[in-house]
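*Asks:* Questions regarding the structure given below will be posed in turn.
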Amino acid sequence: MSDWFKFGSKSDAPESSPVIDMDKKEQIKTAVRNELAQANAQLLVENMNNKCFKACITRPGPSLSSSEETCLLRCQERYMDAFNIISRSYHTRLSRERMDSITSEIDKTL
């Protein structure tokens, strides 16, 4: 038979494979989390700016009118408030589901 079917078997693995130490692994995880958080924050601001600009700026010009400034400020505040409410609800739901999952796993072992 061909060696293609043996690929990935334990006999093909090197005798000693390099192991990333736990500190390095945690550093990588933290860096990835930070990058994701930064990307999410940039996306939030971009979406907020686009939505509020469309809602508040009816006639683009060299400067904003006082009513446009007020509209932008209120729109951004409402957008952030809504985002925070949704975010808290989502995290609460995830925590509850995690606890339910842990509880059901404990119940299964008993």
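*Asks:* Quick check: is even one residue across region 55-71 surrounded by 13 or more Cβ atoms within 10 Å (Cβ to Cβ) and touching a residue at least 24 places away in the same chain (Cβ under 8 Å)? Outline the logic, then answer.
*Replies:* First, pick out the residues of region 55-71 that are surrounded by 13 or more Cβ atoms within 10 Å (Cβ to Cβ): 55-57, 64-65, 68, 71.
Now narrow it down to the ones that are touching a residue at least 24 places away in the same chain (Cβ under 8 Å): none.
The answer is no, given that none of the residues of region 55-71 is surrounded by 13 or more Cβ atoms within 10 Å (Cβ to Cβ) and touching a residue at least 24 places away in the same chain (Cβ under 8 Å).
*Asks:* Check region 24-37 and report whether any residue there is on the phi < 0 side of the Ramachandran plot, touching a residue at least 24 places away in the same chain (Cβ under 8 Å) and open to solvent by less than 100 Å² (accessible area, probe 1.4 Å). Before the answer, list the steps.
*Replies:* Step one: of region 24-37, the residues on the phi < 0 side of the Ramachandran plot are 24-37.
Filter again for touching a residue at least 24 places away in the same chain (Cβ under 8 Å), leaving none.
No: region 24-37 contains no residue that is on the phi < 0 side of the Ramachandran plot, touching a residue at least 24 places away in the same chain (Cβ under 8 Å) and open to solvent by less than 100 Å² (accessible area, probe 1.4 Å).
*Asks:* Now for a different question. Restricting attention to region 34-64, report how many residues are outside any helix (DSSP H, G or I) and not charged (D, E, K, R). It would help to see each step written out before you state the result.
*Replies:* Quick first cut of region 34-64, residues outside any helix (DSSP H, G or I) only: 57-64.
Pick out the ones that are also not charged (D, E, K, R) and you get 57-58, 60-64.
Matching residues across region 34-64 total 7.
*Asks:* Can I ask one more? Restricting attention to region 3-15, does a residue exist that is surrounded by 10 or more Cβ atoms within 10 Å (Cβ to Cβ) and either part of a helix (DSSP H, G or I) or modelled with pLDDT of 95 or more (or both)? Break it down stepwise before answering.
*Replies:* Kept after step one, since they are surrounded by 10 or more Cβ atoms within 10 Å (Cβ to Cβ), are these residues of region 3-15: 6.
Pick out the ones that are also either part of a helix (DSSP H, G or I) or modelled with pLDDT of 95 or more (or both) and you get 6.
Scanning region 3-15 turns up at least one residue that is surrounded by 10 or more Cβ atoms within 10 Å (Cβ to Cβ) and either part of a helix (DSSP H, G or I) or modelled with pLDDT of 95 or more (or both).
*Asks:* List the number of the failed condition for PHE83; all other conditions in (1) free of Cβ contacts under 8 Å to residues at least 24 places away in the same chain; (2) under 16 Å from the mean Cα position of the chain (by Cα) hold.
*Replies:* (1)
*Asks:* What's the number of the only condition in (1) open to solvent by less than 70 Å² (accessible area, probe 1.4 Å); (2) at pLDDT 85 or above that ILE85 fails to meet?
*Replies:* For ILE85, the exception is condition (1).
The values are calculated or read from the model by the stated rules, or taken from the named source; none is laboratory data. None of the values given here were measured: they were computed from a predicted structure. Glycine gets a Cβ as well: all are built from the backbone with ideal geometry, and neighbour counts include every protein chain shown. SASA here: full protein model, heavy atoms, side chains in, ligands and nucleic acids out. Shrake-Rupley method; radii C 1.70, N 1.55, O 1.52, S 1.80 Å.
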